[in-house]
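Encoded as structure tokens, the structure appears first; notes follow it.
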Amino acid sequence: MAHIGWIGLGNMGHPMTKNLIAAGHTVTGYDVVEAAITAAAEDGVTPAASIAEAVAGADVVFTMLPKGEHARTVYLDADGVFDSAETSTLLVDSSTIDFDSARTLHAAARERGFRFIDGPVSGGIGGAQAGTLTFMLGGADDAIADAKPIIETMAGNIFHAGGEAAGQAAKIANNMQLAISLQGVVEGAVLAQKFGLDPKVFFDIASVSSGDSWPLRNWYPVPGVVENSPAEREFAAGFSTMLMHKDLGLALAGAESQGVDLPAASLVHEKLQQLIDDGWGDFDTSILIRNIDEETPG
Ligand code: NAD
């Protein structure tokens, strides 16, 4: 069994540590928010008062932080992970961060003699609790091979996406496709209804026709159509508008640094911003329908 250092005990980090502990690993955890450490300690995490304390003697360190700026701070600052950990410690950043920050962290790790993996996840808080997250890993073969047995206790699927920052690349491109598909679904749902179609009849047709998609089958934005969809619970998140906006921002930042134009992603990013400005940021992202049909959520 491994000794694990964990930094970032929020909505995702806390339940992920629970699964590691249930599998018999020991976890020492740190967060800037005291209450997050206390909550995780109640589920078996050994509390740490600093990054240095969390990483001391760890076989593997995981970070689960909001954004690239937080990950850069935690790894690169004086008293951060690179200054505090032994170079024998394997480092895994599971935060969803921008491609360029992930490459910066890989380069800094390499210079300092660390093995580093970018390993963002998909599956949300439910997947973190159930231990069924999809991990998308970027890094060297030997590092991934060593991390896999530990990651398995938190995962349903593990993919080695490629070399440095490939995990972030996969996550960012996937979520961008999801956001654009969802915009298609909300527009289709509204148009079908304006044509006078029964939403369930349209759903039954589209879900076995060429308009089928993951957001159609899981997030159909009209109540009474898909069981357990966000529309069934007045658009309580789920996957929040704020998080989708963040992930699309990562796609647009990546597109800029790679010199590519993403017009549909830009449009959906604007639509999500509009919802956030109108106070819907914490609601499920399928509330995108509200931009077209103001009656929703009613
Ligand atoms: P969260 O805000 O709940 O948790 C992040 C934690 O990091 C917080 O407790 C915060 O206090 C802590 N933190 C911030 N700066 C820190 C620092 N300098 N040192 C130590 N701790 C610090 O966010 P979350 O929902 O757990 O998401 C974490 C990451 O996972 C994000 O990148 C998010 O995009 C990604 N993600 C989230 C979901 C989801 O459904 N919530 C799904 C997939 C991926």
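The values are calculated or read from the model by the stated rules, or taken from the named source; none is laboratory data. If you're wondering where the values come from, they're calculated on a predicted model, not measured in any experiment. When we count neighbours, we look across all protein chains shown, and the Cβ atoms used for this are built from the backbone with ideal geometry, even at glycine.
What the table below lists for this structure:
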read-out: Qualifying residues in segment 177-214 (those that are of a type in the set (Ser, Thr, Tyr) and out of contact with any helix residue (DSSP H, G or I) (no Cβ under 7 Å at 6 or more places or on another chain)) - the one farthest from MET244 (Cα to Cα); value: SER209
read-out: Pairs where the first residue, in segment 29-52, is outside the structural domain of SER84 (by TED's automatic domain parsing) and the second is assigned to a loop (DSSP other than H, G, I, E, B) and β-branched (Val, Ile, Thr), C-beta under 8 Å, 6+ apart; value: none
read-out: Residue tally, condition buried (at least 18 other Cβ atoms within 10 Å of the Cβ) and more than 26 Å from SER88 (Cα to Cα), over segment 127-158; value: 4
read-out: Residues of segment 5-34 that turn out to be more than 9 Å from the ligand (Cβ to nearest atom) and either more than 11 Å from GLY131 (Cα to Cα) or acidic (Asp, Glu) (or both), as a count; value: 10
read-out: Residue check, ALA2 more than 25 Å from LYS171 (Cβ to Cβ), more than 8 Å from the ligand (Cβ to nearest atom) and not β-branched (Val, Ile, Thr); value: no
read-out: Residues of segment 104-144 classified as in a helix (DSSP H, G or I) and at negative phi, total; value: 19
read-out: From the options ALA189, ALA231, ALA179, ALA161, residue that is assigned to a helix (DSSP H, G or I), surrounded by 17 or more Cβ atoms within 10 Å (Cβ to Cβ) and within 16 Å of the ligand (Cβ to nearest atom); value: ALA179
read-out: Matching residues in segment 156-177 - criterion: being more than 14 Å from the chain's Cα centre (by Cα), closer than 19 Å to ILE125 by Cα and among the polar types (S, T, N, Q); value: ASN157
read-out: Hey, ASP93 closer than 23 Å to GLY156 by Cβ, in contact with a helix residue (DSSP H, G or I) (Cβ under 6 Å, 6 or more places away or on another chain) and charged (D, E, K, R) or not; value: yes
read-out: Members of segment 123-145 found to be closer than 21 Å to GLY68 by Cβ and modelled with pLDDT of 95 or more, listed by number; value: ALA128, LEU133, THR134, PHE135, MET136, LEU137, GLY138, GLY139, ALA143
read-out: Looking only at segment 65-103, and only at residues there that are assigned to a loop (DSSP other than H, G, I, E, B) and in contact with an Asp or Glu (Cβ under 7 Å, 6 or more places away or on another chain), the one that is farthest from ARG115 (Cα to Cα); value: THR96
read-out: Given (1) touching a strand residue (DSSP E or B) at 6+ places or on another chain (Cβ under 7 Å); (2) more than 13 Å from the ligand (Cβ to nearest atom); (3) in contact (Cβ under 8 Å) with a residue 60 or more places away in the chain, number of the condition THR153 does not satisfy; value: (1)
read-out: Residue check, ALA173 in the same structural domain as ALA102 (by TED's automatic domain parsing), of a type in the set (A, V, I, L, M) and assigned to a helix (DSSP H, G or I); value: no
read-out: Check on ALA41, touching a strand residue (DSSP E or B) at 6+ places or on another chain (Cβ under 6 Å), surrounded by fewer than 19 Cβ atoms within 10 Å (Cβ to Cβ), outside any loop (DSSP other than H, G, I, E, B) and at pLDDT 95 or above; value: yes
read-out: Residue count for segment 35-45, restricted to those that are away from the ligand (no atom under 12 Å from the Cβ) and touching a helix residue (DSSP H, G or I) at 6+ places or on another chain (Cβ under 6 Å); value: 3
read-out: Subset of segment 46-79 that is β-branched (Val, Ile, Thr) and more than 9 Å from the ligand (Cβ to nearest atom) - its residue that is farthest from LYS246 (Cα to Cα); value: THR46
read-out: Per-region count, segment 252-277, residues part of a loop (DSSP other than H, G, I, E, B) and touching a residue at least 12 places away in the same chain (Cβ under 8 Å); value: 1
read-out: Leading residue by the ranking (farthest from ILE289 (Cα to Cα)) among those in segment 207-228 that are within 16 Å of the ligand (Cβ to nearest atom) and crowded, with 21+ Cβ neighbours inside 10 Å; value: PRO215
